[in-house]
1. Could you tell me which of the residues Glu76, Glu109 is surrounded by fewer than 15 Cβ atoms within 10 Å (Cβ to Cβ), acidic (Asp, Glu), modelled with pLDDT under 85 and more than 25 Å from Ala182 (Cβ to Cβ)?
2. Can you spot a residue in the stretch 56-67 that is over 17 Å from Leu21 (Cα atoms), open to solvent by less than 30 Å² (accessible area, probe 1.4 Å) and among the aromatic types (Phe, Trp, Tyr)?
Amino acid sequence: MPKLWNETIRTHRHAVIETILDTTWRLVAEQGLRAITMSQIAQETGIARATLYRYFPDVEAILLAWHERHIAIHLEELTALRHRGGDPWQRLERVLEAYAFISRRRAGELGALLHRGEKVAQAHQELTDLVRDLLAEAARAGSVRNDIDPAELAGYCLHALGAAASVPSDEGVHRLVTLTLAGLTGPAGTAPGQDFERHPERHAQRHEVEPEARHEQGHQHGLHGRSGQHPQASQ
C-alpha cells in the first residue's frame with residue numbers, strides 16, 4: 001500500500017477518534033454520564049454504530065481515552081512551566097498552582113472512572129517525579145525544608161492539591177496552594193540549605209535526640225502534676 005495512502009488512513013482515523021472523544025465529553029457535560037449511550041454518540045458524530053464499535057467497545061472506553069489524552073496535554077503544560085524562567089521556588093509554585101486548577105476542572109462524577117488504567121497510572125508517576133525533582137532542586141537552593149524526602153513531599157503536595165476538585169472558587173484554590181506551600185518551608189528552626197539527600201544522618205540524629213527531650217518534658221510535666229505548681233514554688 002502506498003505511503004501516502006497509509007498516511008491518509010492514519011489522518012482519517014485520528015480525526016474520527018478526536019470527533020468521538022470530543023462529542024462524547026460534550027454530551028456527558030450536558031447530560032451526565034449515565035444518560036449517554038453508544039447510539040446517541042453515533043448519531044451526534046454522524047458515524048454508523050458499527051463503525052463506532054470498531055473504534056471503542058463502550059462509553060467507558062471512550063471516556064478513558066479522552067482522559068488519557070487530556071492527561072498527556074496537562075503533563076506537557078506542567079513540564080513547560082517547570083522549565084520556564086525563575087528560581088526553583090517560583091517554578092515550583094507555578095507548577096503546583098497549575099496542577100491545583102487542573103484538579104478543580106476535573107468532573108467529580110467521573111473521578112472514579114477516569115483514574116483507572118495503565119496509562120493513567122504511568123502519567124501519575126511522571127507527574128510525581130516532576131514535582132519530586134522540583135522539590136529536590138528547591139531544597140538544594142534552601143527554599144524548601146530538607147528534613148523530609150522530596151518524594152514524600154511530592155505525594156503530600158499532590159494529595160493536598162487534589163482537594164481543589166471540590167473548591168468552589170478561584171480564590172479558594174489560591175488559598176489551598178498557599179497553605180500547601182507553607183507546609184513545604186518547614187517548622188521554625190529548620191535550617192535552609194541542609195540538603196536531605198546529602199545529609200540524611202542529620203535527620204536520623206534529630207530523631208535520636210527527640211525521645212530524650214520528650215522524656216525530660218514528661219518528667220517535668222509529672223512534677224507539675226504531682227504538686228499542682230511549679231517546683232520552685234514548693235521551696
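The values are calculated or read from the model by the stated rules, or taken from the named source; none is laboratory data. Keep in mind it's a predicted model, so treat the numbers as computed, not measured. Backbone-built Cβ (ideal geometry, glycine too); neighbour counts: all protein chains shown. Heads up: the accessible areas ignore ligands, DNA and RNA and are worked out on the full protein's heavy atoms, side chains in. Shrake-Rupley method; radii C 1.70, N 1.55, O 1.52, S 1.80 Å.
1. Glu109
2. No, every residue in the stretch 56-67 fails to be over 17 Å from Leu21 (Cα atoms), open to solvent by less than 30 Å² (accessible area, probe 1.4 Å) and among the aromatic types (Phe, Trp, Tyr).
Residue by residue, here is whether (1) in contact with a Cys (Cβ under 9 Å, 6 or more places away or on another chain); (2) under 28 Å from Thr45 (Cα atoms); (3) modelled with pLDDT under 90 holds:
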| site | (1), (2), (3) |
| --- | --- |
| Val59 | no, yes, no |
| Arg69 | no, yes, yes |
| Arg105 | no, yes, yes |
| Lys119 | no, yes, yes |
| Gln122 | no, no, yes |
| Leu130 | no, no, no |
| Ala136 | no, no, no |
| Glu152 | no, no, no |
| His159 | no, no, no |
